[in-house]
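Visitor: To start, I am sharing the structure in question, which I have written as structure tokens.
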Protein chains: 2
Amino acid sequence: MDFIEETISSRDIYQGKIINLRVDEVKLPNGTVSTREVVEHPGGVTIIPVTNKSEVLLVEQFRKPVEETLLELPAGKLEPGEEPLSSARRELIEETGFQAGKMEYLFPFYTSPGFTDEVLHLFLARELKEVGINPDEDEIIRVHRIKKDEIIKNIKTGRIKDGKTIMGLLYFLRGDY
Amino acid sequence: MDFIEETISSRDIYQGKIINLRVDEVKLPNGTVSTREVVEHPGGVTIIPVTNKSEVLLVEQFRKPVEETLLELPAGKLEPGEEPLSSARRELIEETGFQAGKMEYLFPFYTSPGFTDEVLHLFLARELKEVGINPDEDEIIRVHRIKKDEIIKNIKTGRIKDGKTIMGLLYFLRGDY
């Protein structure tokens, strides 16, 4: 507990659609005063959807912040009051068109805790059944399948460069879930 | 290329110490107009420092956005004009007090491309030599060592919950770098 940074003051900069921004003035345990820029995020889910052929479903979509089309595990943010499990079931169907017979919670993780509180809950989805895709109106998505033996090559060559996706695929490759 | 979101207008909200915030109005390929909140980040490095006993060095520090003390791989942001390799060498010494005889570049990844352009460059550091710790004045850090066979347990129990750290440790466990 001796690491804690005490908040001296907090200033709201922006309240947005997905994120808020605030700047905190903090006092460190050694007495130093500093500022911390904090991006508040509602949190979300990431799903590793595994087919009965041991392929993983990935979604391809344009990401404005990086001006690139990325290959990612299906994911999405929590709606107000929504439980991670419900969110994972909803996002998997919306983004891939597949419903999971089994949806197992693995663990939560922070995406970039130096400046944001975003936490993602990782799920493993199996026994997939196609029910039809249903993306949000401002999402344009294409579904891909990746085989186990293609994963490492796609990470090393930079074809897959989303952190949560690399993490989820490396976890899947261990096969001890 | 048919996924690209054209920027119609862009509004600067905040220019900060580490991050900037802007809001873009975009036009999707299907004609829908939407907004995208974008957190601009200078990017950074993450290092997997492996000792000659095959332990990995982790750093413990308080992270204001999540109000928690986290165990993470050494990491830091790029200084203006700094190359990732130089940054990795500098951050490893600053945060752990160890210098790497070998510093190998693995791959870059995005931490949360839905709302930020932050890219981290992942390095593997070996042949470590202790030279003394030298943290930034507003960083309070404690160095830990984790053994190979403790990694998965620490991820599953939530003792390690930083995404880049879980990703780097899972990559290290593969042992095929």
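The values are calculated or read from the model by the stated rules, or taken from the named source; none is laboratory data. Just so it is clear, the model here is predicted, and its values are computed rather than measured. As a convention, Cβ positions derive from the backbone with ideal geometry for all residues, glycine included, and neighbour counts pool all protein chains shown.
Visitor: Quick test of your reading of the structure: A:Leu122 fulfils all but one of (1) assigned to a loop (DSSP other than H, G, I, E, B); (2) in contact with a Pro (Cβ under 8 Å, 6 or more places away or on another chain). Name the failing condition by number.
Guide: Of the numbered conditions (1) assigned to a loop (DSSP other than H, G, I, E, B); (2) in contact with a Pro (Cβ under 8 Å, 6 or more places away or on another chain), the odd one out for A:Leu122 is (1).
Visitor: Of everything in segment A:20-29, what is farther than 9 Å from B:Asp138 by Cβ and either at pLDDT below 95 or of a type in the set (Lys, Arg) (or both)? Give them in sequence order.
Guide: A:Arg22, A:Lys27, A:Pro29
Visitor: Next question. Tell me whether segment B:127-138 contains one or more residues that are at the interface with chain A (Cβ under 9 Å from one of its Cβ atoms) and either in contact with a helix residue (DSSP H, G or I) (Cβ under 7 Å, 6 or more places away or on another chain) or closer than 30 Å to A:Lys27 by Cβ (or both). Can you show your working first?
Guide: If we filter segment B:127-138 for residues that are at the interface with chain A (Cβ under 9 Å from one of its Cβ atoms), which is where we start, we get B:137-138.
Going one step further and asking which of them are either in contact with a helix residue (DSSP H, G or I) (Cβ under 7 Å, 6 or more places away or on another chain) or closer than 30 Å to A:Lys27 by Cβ (or both), we end up with B:137-138.
Taking every residue of segment B:127-138 in turn, at least one turns out to be at the interface with chain A (Cβ under 9 Å from one of its Cβ atoms) and either in contact with a helix residue (DSSP H, G or I) (Cβ under 7 Å, 6 or more places away or on another chain) or closer than 30 Å to A:Lys27 by Cβ (or both).
Visitor: Could you list, in sequence order, the residues of segment A:31-60 that are small (Gly, Ala, Ser) and closer than 16 Å to A:Ile151 by Cβ? Lay out the reasoning, then the answer.
Guide: If we filter segment A:31-60 for residues that are small (Gly, Ala, Ser), which is where we start, we get A:31, A:34, A:43-44, A:54.
If the condition is that a residue be small (Gly, Ala, Ser) and closer than 16 Å to A:Ile151 by Cβ, then A:Ser54 is the only one that fits.
Visitor: A follow-up question, please. Among the candidates A:Leu28, A:Leu21, A:Leu78, A:Leu73, which residue alone is surrounded by 13 or more Cβ atoms within 10 Å (Cβ to Cβ), within 25 Å of A:Lys147 (Cβ to Cβ) and either facing chain B (nearest Cβ under 8 Å) or in contact with a helix residue (DSSP H, G or I) (Cβ under 9 Å, 6 or more places away or on another chain) (or both)?
Guide: Matching residue, one of A:Leu28, A:Leu21, A:Leu78, A:Leu73: A:Leu73.
Visitor: Related question: Within the bounds of segment A:139-157, is there any residue that is hydroxyl-bearing (Ser, Thr, Tyr) and in a helix (DSSP H, G or I)? Quick ask: steps written out before the conclusion?
Guide: Going through segment A:139-157, the residues hydroxyl-bearing (Ser, Thr, Tyr) turn out to be A:157.
Adding the requirement that they be in a helix (DSSP H, G or I) leaves none.
Taking every residue of segment A:139-157 in turn, none turns out to be hydroxyl-bearing (Ser, Thr, Tyr) and in a helix (DSSP H, G or I).
Visitor: Then there is this: Please pick out the residue among A:Ser34, A:Ser54 that is part of a loop (DSSP other than H, G, I, E, B) and either over 19 Å from A:Leu120 (Cβ atoms) or in the same structural domain as A:Gly16 (by TED's automatic domain parsing) (or both).
Guide: Values: A:Ser34 fails: part of a loop (DSSP other than H, G, I, E, B).
That would be A:Ser54, the only listed residue that is part of a loop (DSSP other than H, G, I, E, B) and either over 19 Å from A:Leu120 (Cβ atoms) or in the same structural domain as A:Gly16 (by TED's automatic domain parsing) (or both).
Visitor: From B:Glu40, B:Glu83, B:Glu68, grab the single residue that is surrounded by fewer than 21 Cβ atoms within 10 Å (Cβ to Cβ) and more than 9 Å from chain A (Cβ to nearest Cβ). Write out each step before concluding.
Guide: Details: B:Glu40 fails: more than 9 Å from chain A (Cβ to nearest Cβ); B:Glu68 fails: more than 9 Å from chain A (Cβ to nearest Cβ).
So the residue among B:Glu40, B:Glu83, B:Glu68 that is surrounded by fewer than 21 Cβ atoms within 10 Å (Cβ to Cβ) and more than 9 Å from chain A (Cβ to nearest Cβ) is B:Glu83.
Visitor: Checking A:Ser9 against (1) closer than 26 Å to B:Pro42 by Cβ; (2) in contact with a His (Cβ under 9 Å, 6 or more places away or on another chain), which test does it fail?
Guide: (2)
Visitor: Turning to a different aspect of this structure: Of all residues in segment A:118-135, count the ones that are exposed (fewer than 13 other Cβ atoms within 10 Å of the Cβ) and either charged (D, E, K, R) or touching a strand residue (DSSP E or B) at 6+ places or on another chain (Cβ under 6 Å) (or both). Even if it seems obvious, please write down each step before you answer.
Guide: Here is the first cut: in segment A:118-135, the ones exposed (fewer than 13 other Cβ atoms within 10 Å of the Cβ) are A:129-132, A:134.
From the residues that got through so far, the ones that are either charged (D, E, K, R) or touching a strand residue (DSSP E or B) at 6+ places or on another chain (Cβ under 6 Å) (or both) too are A:129-131.
Within segment A:118-135, residues that are exposed (fewer than 13 other Cβ atoms within 10 Å of the Cβ) and either charged (D, E, K, R) or touching a strand residue (DSSP E or B) at 6+ places or on another chain (Cβ under 6 Å) (or both) number 3.
Visitor: While we're on this one: Just need a number here: residues in segment B:94-112 that are surrounded by fewer than 18 Cβ atoms within 10 Å (Cβ to Cβ), closer than 15 Å to B:Thr46 by Cβ and more than 14 Å from chain A (Cβ to nearest Cβ).
Guide: 1
Visitor: Let me ask another. Quick one: is A:Lys164 under 30 Å from B:Glu6 (Cα atoms), surrounded by fewer than 18 Cβ atoms within 10 Å (Cβ to Cβ) and within 8 Å of chain B (Cβ to nearest Cβ)? Break it down into steps so the answer makes sense when it comes.
Guide: Details: under 30 Å from B:Glu6 (Cα atoms): yes; surrounded by fewer than 18 Cβ atoms within 10 Å (Cβ to Cβ): no; within 8 Å of chain B (Cβ to nearest Cβ): yes.
No.
Visitor: Looking at segment A:136-149, which of its residues are surrounded by 15 or more Cβ atoms within 10 Å (Cβ to Cβ) and not hydrophobic (A, V, I, L, M, F, W, C)?
Guide: From segment A:136-149, those surrounded by 15 or more Cβ atoms within 10 Å (Cβ to Cβ) are A:139-141, A:143, A:146, A:148; that's our starting set.
Across segment A:136-149, the qualifying residues are A:Glu139, A:Lys148.
Here is a yes/no grid of residues against (1) modelled with pLDDT of 95 or more; (2) over 17 Å from the mean Cα position of the chain (by Cα); (3) not assigned by TED's automatic domain parsing to the domain that holds A:Leu21:
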site	(1), (2), (3)
A:Tyr110	yes, no, yes
A:Val119	yes, no, yes
A:Arg126	yes, yes, yes
A:Val131	no, yes, yes
A:Ile140	no, yes, yes
A:Arg145	yes, yes, yes
A:Glu150	yes, yes, yes
A:Lys161	yes, no, yes
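Visitor: Ok, one more. Among all residue pairs at least 6 apart or on different chains, which show Cβ distances below 7 Å where the first residue, located in segment A:80-103, is of a type outside the set (A, V, I, L, M) and the second is in a helix (DSSP H, G or I)?
Guide: Filtered contacts from segment A:80-103: A:Phe98/A:Leu92; A:Gln99/A:Ile93.
Visitor: Please count how many residues of segment B:1-19 are modelled with pLDDT of 95 or more and hydrophobic (A, V, I, L, M, F, W, C).
Guide: 4
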